[in-house]
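Every number in this text was worked out from the coordinates using simple rules, so none of it is lab data. Values in this document were obtained by computation on a predicted structure and should not be read as measured data. No Cβ is skipped: glycine too gets one built from the backbone with ideal geometry, and neighbour counts run over all protein chains shown.
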Amino acid sequence: MKAPLIIVGVIVAAALLVPPLLPWGYDVIDWNAVRAEPLTGTHLLGTDNVGRDLLARTLVGTRVTLGVALAAALVSLVIGVAWGAIAGWVGGKTDELMMRIVDALYALPFMFVVILLMVVFGRSILLVFIGIGAVEWLTMARVVRGQVLQLKQRPFIIAAEAAGAPARAIMTGHLLPNVAGVAIAYLLLTVPQVVMVESFLSFLGLGVQEPLTSLGIMIKEGADDMDIAPFALLLPGGILVTLLVCLTLAGEKLRDRFAG
Amino acid sequence: MTLYSVQGLGISIGGTALITGVSFEIAAGQCVALVGESGSGKSLTCLTPFGLSPGIASGSARLLGEELCAADERRLRKIRARDIGFIFQQPLTSLTPHLSIGAQLAEAASQSGTPKPSRRELAAMLERVGIAQADERLDAFPHRLSGGQRQRVMIAAATAHGPKLLIADEPTTALDASLRHEIMALIDEMRVQHGLAVLLVSHDLASVAAHADHIIVMQNGRVVESGPTEAILGAPTQAYTKALIAAAPHLDSPRAPLPEVGGTILEAKDIRVTYPRAGWRRGVLTAVDGATLSIGGGEALAIVGESGSGKSTLGRAIARLGPMASGQTIWRGAELPTRAKMRSADRRLIQPVFQDPLASLDPLWRVADIIAEPLRHLMPDLSRGERDMRVAAALESVELPADFASRTPRSLSGGQAQRVAIARALVAEPEMLLLDEATSALDVLVAAQILALFARLQRERRLSILCITHDLALARQLCHRVAVLDAGKIVETGPSDEVIRTPQHPVTQRLVRASRG
């Protein structure tokens, strides 16, 4: 699990720290170098179709993509854990109702819902967070509910009841700490999913606005010119794939440790 | 003729030697038992030569003259498929849940390359292990069968390919007393009829005594004593063997006089517990059907029954720790409120101790916090210092050293964890303990120690005890009276000795027979 997390760490550190050190900003156009090859002049990795530095844009795009992903994953964590824990703990009819709502939401084509939100409320990064977080919490809710149902049967929970602990104390003292490991593992698995959704929305032109960029936008632009400037596709594509693979590997390892 | 012979077997994992110098022989039709507490290396000893553990074997283990310790994985797999049958402890988890019984049996029968048996042959296999309506059962899935039936299916699967050696690793430990008896009888029958050699592993010397020809007692990876069963039981030479023999309670073993009984403190009247049927079906399942009982001050009452009789459900309903459909629990003349309305003063009266000691403790909490939990909620006025003092006193009363306070459950053995659970139950000074099979998940020696601890606490603190168990011999050690539960109804009550001497109801008679072994 170490290696994938180290790779993710290096990418995140580079995205946060390196851009100010570069000679070119992500939105500055170098009129002398449009579609420059890598290693021309001060453009280490070349420029895009309007002459903006690709390295700077890739790093800033990574930052935006990861920022959206993290925020959306946290939204899904909060909603999912609260929803799942309440359904599992209360049980009975409440549980049935809450989980049927989850099932119904699952049945909606969620990409369609996000796109609809964009169209109705206009494009904004905030909406991207909310939209993605609001559809990604379903799996988290199911996982947490399952864990709580299992834990509820454990004798130590019944012993806590016998010890006079009120429901709130059992929830915060016993249930949530024991669910935390699994929830964090699924959080790590949610991040790459959200990265995918964000990239896809941006690819469709519904995500982040120009001149700000994200990995998805860069991949779309790179794909448009890939016959003349393949490097403009390879770099953001490579980073996205690396991030997805590493986060998924780390998340699966963590999940196996806690849920296995 | 010697079928399986082990000479100077040693086993190591990761360079640490865990087993040294184990030697024994089994002939066809013979049964050898490996006995010892958990961690003594008995399972490792019987599984490692066949490549079924992470351990590395040295020395010699010969099956039909073929050396196993030097064989590679492919050869071992062939040998396992052809000559060996395995039965494990957990009948629930030893069968694949998504395959029907018939499919699992067919797989087991054809593992050595023989053609798949016909449906009639499969049904015959099930009949041989005493399963009625065998043809129907072939299509059933494991969860439709009871624990005893599952273990029978396991035996059928383990013997389906006609093995010569049957390895049974704690085959009856997860079953209740009367099932144990039947399953061991079945293994004996297979041994006699088919000339199987049996290698039996158990922590309970008494339970194998009637079935093994030869007993090997193990401790810490070494053989302590070995010899023919009569010699080991009749004249044990080692202290450890003597302790093992003495540990298991018998129906007629002597017991210390029980404390005197005061006036009634608890009356449970007409307790009913029902569950809604699974899925969309209407109606309810009745788990406990109108049970009425009473307990005096300082009295211990055992609720005895087979698994599934509703005894745990009844105990929890009385203590307001489980669901209850109707009925009353009256404590010193006043009715206890419903489960949701129990106040601290009510909760303090009855404290539980459960079967699985490790699952009873929150894995993330320290021992001191676990024991202090009832104090924080039931006696919120205590200062920190007073709380720490009471926790220390509780640790002392369950005979654990004071430095256990800072340990986590993970680092405790089963017996130590159960002591912590008992300390938690005692710390708020309850008047009654609810013991839900509190010793049945423990090794014989540890169980005997925990039982002695309960007996001491019972005398010293004048505790009333509601003891839920399937073991009449254990109930008799601790309890003045016994109530026998069958299918949710109390079918017989009376003083323990009287019930054991003259059991009236068929279920009681079966339980008494099972305890006699």
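Applying the Kirkwood pairwise sum to the alpha-carbon positions of the range B:398-517 produces a hydrodynamic radius of 15.8 angstrom. Axis of helix A:54-90 versus longest Cα principal axis of chain A: the two differ by about 10°, to the nearest ten degrees.
Based on the convex hull around the alpha carbon atoms, the range B:76-145 presents an average projected area of 5.0 nm².
Our estimate of slack between B:S60 and B:A124, defined as 0.36 nm per intervening residue step minus the Cα-Cα distance, is 19.3 nm.
Taking 7 Å steps out from each Cα toward its Cβ at B:E260 and B:S5 produces label points 6.7 nm apart. As a length-normalised measure over Cα pairs under 8 Å and 6 or more apart, the relative contact order of the range B:309-379 settles at 23 percent.
A prolate overall shape is assigned to the range B:455-494, the ratio a/c of its alpha-carbon gyration tensor axes (a ≥ b ≥ c) being 1.5 or greater and a/b exceeding b/c. Sorted ascending by nearby beta carbons within 10 Å, beginning with the fewest, B:K341, B:K269 become B:K341, B:K269. With one equal scatterer per alpha carbon and no solvent term, the Debye-computed log10 I(q)/I(0) for chain A at 0.12, 0.15, 0.16, 0.17 1/Å reads -0.77, -1.05, -1.14, -1.23. By how many degrees, between 0 and 90 and to the nearest 10, does the Cα long axis of helix B:119-128 differ from the longest principal axis of chain B? It works out to around 60 degrees. Treating the angle as unsigned and between 0 and 90°, give the value, to the nearest 10°, between the Cα long axis of helix B:506-516 and the longest Cα principal axis of chain B. The angle comes out at about 60 degrees. Across all Cα atoms of the range A:1-73, the radius of gyration (one decimal) and Dmax (whole number) stand at 13.9, 45 Å. Please give the FRET efficiency for B:S12 paired with B:E182, using the beta carbon to beta carbon distance and R0 = 60 Å, rounded to the nearest 0.05. So the FRET efficiency works out to roughly 0.95.
Once the C-beta distance of B:E25 and B:A393 is scaled by a Förster radius of 35 Å, the resulting FRET efficiency is 0.05 to the nearest 0.05. When chain A is treated as a GNM with alpha-carbon contacts under 10 Å, the residue of A:M140, A:M218, A:M99 showing the greatest mean-square fluctuation is A:M99. In this label model, B:W331 and B:R282 are separated by 3.9 nm, measuring between points 7 Å along each Cα→Cβ vector.
Cβ crowding within 10 Å, taken as a proxy for footprinting-reagent exposure, orders B:W365, B:W331, A:W31 from fewest neighbours to most as A:W31, B:W331, B:W365. Averaging 1/r over each pair of different alpha-carbon atoms in the protein assembly as shown and inverting the result gives 30.7 Å, the Kirkwood hydrodynamic radius. When all alpha carbon pairs of the range B:25-156 are counted in 5 Å bins from zero, the resulting P(r) reads 2, 9, 16, 18, 18, 16, 13, 7, 2, 0 %.
Legend: Rg and Dmax of the range B:195-325, from Cα coordinates, 22.5, 62 Å.
Calculated on the alpha-carbon coordinates, the convex hull of the range B:174-260 measures out at 148 cubic angstrom per residue.
With 10 Å bins beginning at zero, the pair-distance distribution over Cα atoms of chain B amounts to 4, 17, 25, 25, 18, 9, 2, 0 %. Using only side-chain charges placed at the Cβ, +1 for Lys and Arg and -1 for Asp and Glu, the dipole size of the range B:50-93 relative to its Cα centre rounds to 140 debye. What whole number of Å gives the distance from the Cα centroid of the range B:1-61 to the Cα centroid of the range B:140-201? The range B:140-201 and the range B:1-61 have Cα centres separated by 21 Å. Farthest towards the positive end of the charge dipole of the range A:136-228, among the residues A:T139, A:A159, A:I219, is the Cα of A:A159, using unit charges on the Cβ of Lys, Arg, Asp and Glu. Once Rg and the Kirkwood radius are both taken over the C-alpha atoms of the range A:63-180, their ratio Rg/Rh works out to 1.08.
The helix-only estimate of mean residue ellipticity at 222 nm for chain B, built from DSSP H runs of length n ≥ 4 each weighted as -39500 (n - 2.57), is -10500 deg cm²/dmol after division by the residue total. By the equivalent-ellipsoid construction on the alpha carbon gyration tensor, the range A:217-260 comes out with semi-axes of 33, 7, 5 Å, ordered largest to smallest.
The gain in end-to-end length when the B:T292 to B:D213 segment is fully stretched comes to 23.8 nm, 0.36 nm per residue minus the alpha carbon separation. For chain A, relative contact order (Cα pairs under 8 Å, six or more residues apart, normalised by length) works out to 24 percent. Measuring nothing but how far apart in sequence close Cα pairs (under 8 Å, 6+ apart) lie, relative to its length, the range B:32-187 scores a relative contact order of 27 percent. Counting every Cα pair in the range B:241-282, what percent are over 12 Å apart? Summing the P(r) tail past 12 Å for the range B:241-282 gives 81 percent. Once the Kirkwood radius over Cα pairs is known for the range A:92-133, the Stokes-Einstein relation at 10 °C and 1.306 mPa s delivers a diffusion coefficient of 137 µm²/s. Lysine pairs in the protein assembly as shown whose alpha-carbon atoms fall under 26 angstrom of each other, counting only those eight or more residues apart or on distinct chains, come to 17.
The alpha-carbon positions of the range B:349-400 define a convex hull whose volume is 96 Å³ per residue.
Here the extension length gained between B:Y275 and B:A402 equals 41.4 nm, from 0.36 nm per residue of separation less the Cα-Cα distance. For the range A:170-257, dividing the convex hull volume of the Cα atoms by the residue count gives 101 Å³ per residue. Among A:T62, A:T42, A:T190, the residue with the largest mean-square fluctuation in a Gaussian network model of chain A, with springs joining Cα atoms closer than 10 Å, is A:T42.
Given labels modelled 7 Å from the Cα in the Cβ direction, how far is it in nm from A:L39 to A:A180? Between A:L39 and A:A180, the label points sit 5.0 nm apart.
Restricted to Cα atoms, the range B:117-186 shows a radius of gyration and a Dmax of 12.1, 35 angstrom.
If R0 is 45 Å, the Cβ-Cβ spacing of B:L76 and B:R459 corresponds to a FRET efficiency of close to 0.25.
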